[in-house]
Ligand SMILES: O=C(O)CCC(=O)C(=O)O
Ligand SMILES: [Fe+2]
């Protein structure tokens, strides 16, 4: 199954964004939706009309944070499919192609469920780099990030389609390339160029931490939008961080590690088979830590050295 093309790669590098409507099949998405429904049951009040908060209100900053309810990070309290989707070989392949490198790491994976009326999801145009790096986004695409948004439910303007402005259009709108738009006038100029990510369930958006975009309110009564955010970077790019997987050591990582291929483990930070890390001692201890993991590839890749 061909899920992406060279044109998508070129578009991501030039525009900052590319949208693919049918990246995942409905068979791949359906079990994830069922898990979201139990993780994030719709509340009776979610059928209300959209909420618009008052930016002048004293508690505006606190209220804004309620946009980020209904977010969990890997590993998830759900099935194998939900836990493995961020490491889908096609996503790994796509990240490698976009960044133009062979070795990639998955550095971010979280869910997000939004419901009409639960809060005001409107955002200003922004770039996401502040909580991924202490510096700024790179000039070089290999040192950029690929941030995928996986859409598990159909998305239209009525249920919170992300709005974005391509890199070229940011220059047209503002007369400069930009990582921020500081004034209402600049925000308004960007809005004239905005596009919407309207995709069916199974679609994905690839963008990065250097792209101008904004979240938008859900308008449809009883509407919902289920997404996952999955970030990849080139291995060795220490300028970029988000999750530290080890800090969730008390979570059920077995759900992932027991199923994962060596490639999938490598994108989570396991040294690859044959790496000098794998001595007889580290092999045996890792096998003891994860007794259900098939480590035969690791043992055989190391056997000449042991
Ligand atoms: O959920 C969306 O469509 C965009 C949200 C967003 O850009 C953000 O929270 O940084
Ligand atoms: Fe954002």
task: Determine, yes or no, whether residue 57 is part of a helix (DSSP H, G or I), over 21 Å from residue 40 (Cβ atoms) and in contact with a helix residue (DSSP H, G or I) (Cβ under 9 Å, 6 or more places away or on another chain).
output: no
query: Only one of these conditions is not met by residue 194: (1) at negative phi; (2) away from ligand 2 (no atom under 16 Å from the Cβ). Which number is it?
result: (2)
- prompt: Got at least one residue in region 39-50 being outside any loop (DSSP other than H, G, I, E, B), closer than 30 Å to residue 1 by Cα and at pLDDT 95 or above?
  reply: no
- request: Being within 23 Å of residue 23 (Cα to Cα) and more than 16 Å from ligand 2 (Cβ to nearest atom) is the filter; apply it to region 144-183 and report the residue that is surrounded by the most Cβ atoms within 10 Å (Cβ to Cβ).
  value: 152
query: Pick from region 110-122 the residues that are within 16 Å of ligand 2 (Cβ to nearest atom) and not in a loop (DSSP other than H, G, I, E, B): which of them is surrounded by the fewest Cβ atoms within 10 Å (Cβ to Cβ)?
result: 110
message: Tally up the residues in region 114-164 that are more than 14 Å from ligand 1 (Cβ to nearest atom), more than 18 Å from the chain's Cα centre (by Cα) and farther than 24 Å from residue 59 by Cα, please.
response: 6
- request: Quick one: in region 123-143, of everything that is in a loop (DSSP other than H, G, I, E, B) and more than 15 Å from ligand 2 (Cβ to nearest atom), which residue is surrounded by the most Cβ atoms within 10 Å (Cβ to Cβ)?
  value: 138
message: Whether any residue in region 192-207 is within 16 Å of ligand 1 (Cβ to nearest atom), surrounded by fewer than 22 Cβ atoms within 10 Å (Cβ to Cβ) and assigned to a strand (DSSP E or B) is what I want to check.
response: yes
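The values are calculated or read from the model by the stated rules, or taken from the named source; none is laboratory data. These numbers come from a predicted model, not from an experiment. All Cβ positions, glycine included, derive from the backbone under ideal geometry; neighbour counts span all protein chains shown.
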